[in-house]
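I have placed the structure first, in the form of structure tokens, so that the comments after it can refer back to it.
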Amino acid sequence: MLLSGTLWLSVLIVTSLFASVLYGSVMTAPQKPRVIVDTDLPTGWDGTADASPADSSALTTALAAVDQSSGIYIIELSASVTYSGTFVIDNNAGTDWLIIRSSAYASLPSGTRTTPAATTNLAKISQPAHLACMRVDFGGHHVRFIGIEFTTAVATTVLTVVGFDSSYIQPSTEAEVCSYIIFDRCYLTSTSETNRCRTGIQVNCDNFACIDSYIDNIKDSSDAQAILFHLGTGLLVHNCYLEATGENIMAGGNDTLITDRLPEDLTISKCYFFKPDKWNPVSDDYNDQNWNCKNLFELKMCRRCHIHSCVLEGSWVDGQAGYAISIKIANQTNTNPWAETIDVWMENCLIKRSGRGFHILGSDGEGYPSGSLQRVLIRNILFHTLGGESTGSPLNEDIAELFGTQGKIVLFTTIRKPIKYFTFDHVTFVAQEGHHTTGMVAETADIINVDNLTIKNSIFPAGQFRFTPTFVDNGRIRNLTLSGNGWFFHASDNDLATRLTNFSTDFPNDIKADTITDVEFTDNSSQDYTLANDSPFKDAADDGTDCGVNFTELNAAISGVET
């Protein structure tokens, strides 16, 4: 749904005022997405089908006969039939909806995430060769898949593509960009454990949504994504299970062919990002297939991203250093100087069983011209069992790290373009039991370049390496605000006695606990990181609440996400 006029102005004013009250100047606070696709089912979606193809050939014929100019058009696929082929939806005249639905759609309640257990109610479209089993051609529009399984057993680059021509080239004009494509209660999967399936959905589309869907076993020795966004305005992923060896979701990663186009207004909510232990070489469940696993979520270029109410689980040292999340800028092949990542708002998420937390890269690692990384808010986020898991098979990382690479916890930039306006608020970070962090910010002078870093109301380990005002004195961090935080120490931290003695000088607006035990979490062993009544961090935040996560808010936000 494209917001405009008075409605859009009201939303923008309310959002901006909210940000202003909480985080200061509107100019330095991240904006939330301006465009959100309307996923309400269109009137008549469950009416009599215009075509009910009995086999693959009939489906090809039905797609060629689609008329989107004289009312909603429905193709119903039998849940008992496998349609095998490489099918194409053209840019049809008109603006009415094309519905492609399973004959058993009534057994798939709207608003409920589908799962592999529901396959008997899904119509199956299978890929017999390396081409996508479903391709929405340039300019395709108003298509909704309901209760469809897209599957393959062969080695392939992609299951489905939105906004590509027959040569799998990206759009080069605005007219070629797709619009209003929705995957609803769909299942995308590879049935082979050995053949690669690199991408579930690749997207060049305005007003795109994937809702109540399940994407699993997406894998390749190169980057693999459950969903890969090349470009589009108004992008939504809601209530989905997302599994891939590379980045479970990635925005950017390939230069676009249209000036100033990139992914923007991206909303991700109520999703479960997961990498199974069968891909982890040190797990007892490893299936001897090394897929070069990377992080769970990555932004390479994006404007206005809001990710909330999600659970992200499973990342280890393999293809990269074990980060759960990577936020950066990449003008990938030096043809997109407009590449930028701005206005990222992440809140009410749980991140667990990951080697490290965030990797933040303030400028293109290749040194190509680009925009900047700015206005990022990380709010009410719980990190736990980072660096491994205290029970069962450990993840492949010995030390928990936040903002880390090569053994450092770091806000990272390679050509010193500053990261601007980065805020932590009400974050709780706890390593795997028995592990500790190496540091909050790296010690290498050429790495750090941050302007306006705010860390407030949070609970962090102090780290093996010092995080002190010297970073401000030498200009590596400018406009640093530390306030209302609780810091705790580990016996292996360097210069421990001196740091404990000097804490009130180094951190005049924060408080400390000498050990994690002194934090008085309710029950570390069962991963209950609420604060006991006698915790020094109880009611100690600047806003009068507890330091760290508001668990009432977080638990309500992620309720049901993992099931």
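The values are calculated or read from the model by the stated rules, or taken from the named source; none is laboratory data. Here the structure is a predicted model, which means the values were calculated and not measured. No Cβ is skipped: glycine too gets one built from the backbone with ideal geometry, and neighbour counts run over all protein chains shown.
A compact table of results
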item	result
Filter pass, D543 being without any contact (Cβ under 8 Å) to a residue 60 or more places away in the chain and of a type in the set (D, E, K, R)	no
Q127 being at pLDDT below 95 and either on the phi > 0 side of the Ramachandran plot or buried (at least 24 other Cβ atoms within 10 Å of the Cβ) (or both)	yes
Which numbered condition F358 fails, given (1) surrounded by fewer than 23 Cβ atoms within 10 Å (Cβ to Cβ); (2) assigned to a strand (DSSP E or B)	(1)
Restricting the range 178-196 to residues that are assigned to a strand (DSSP E or B) and among the β-branched types (V, I, T), the residue that is nearest to R101 (Cα to Cα)	I182
Meets criteria (within 27 Å of E562 (Cα to Cα) and without any contact (Cβ under 8 Å) to a residue 40 or more places away in the chain) for I307	no
Residue satisfying all of: in the range 514-534; assigned to a helix (DSSP H, G or I) and in contact (Cβ under 8 Å) with a residue 12 or more places away in the chain; surrounded by the most Cβ atoms within 10 Å (Cβ to Cβ) among these	V519
Where a residue in the range 239-262 is touching a residue at least 40 places away in the same chain (Cβ under 8 Å) and closer than 20 Å to A321 by Cα and its partner, wherever it lies, is buried (at least 21 other Cβ atoms within 10 Å of the Cβ) and among the β-branched types (V, I, T), with Cβ under 6 Å and at least six apart	A244/I218; I249/I227
Some residue of the range 226-249 being among the acidic types (D, E) and touching a Gly at 6+ places or on another chain (Cβ under 6 Å)	no
Residue ID - nearest to H141 (Cα to Cα), chosen from residues in the range 57-78 that are of a type outside the set (A, V, I, L, M, F, W, C) and crowded, with 18+ Cβ neighbours inside 10 Å	Q68
Count of residues meeting criterion [among the basic types (K, R) and either over 26 Å from L554 (Cβ atoms) or out of contact with any strand residue (DSSP E or B) (no Cβ under 9 Å at 6 or more places or on another chain) (or both)] in the range 295-324	2
Every residue from the range 493-513 that is part of a loop (DSSP other than H, G, I, E, B), surrounded by 14 or more Cβ atoms within 10 Å (Cβ to Cβ) and not hydrophobic (A, V, I, L, M, F, W, C)	D493, D510
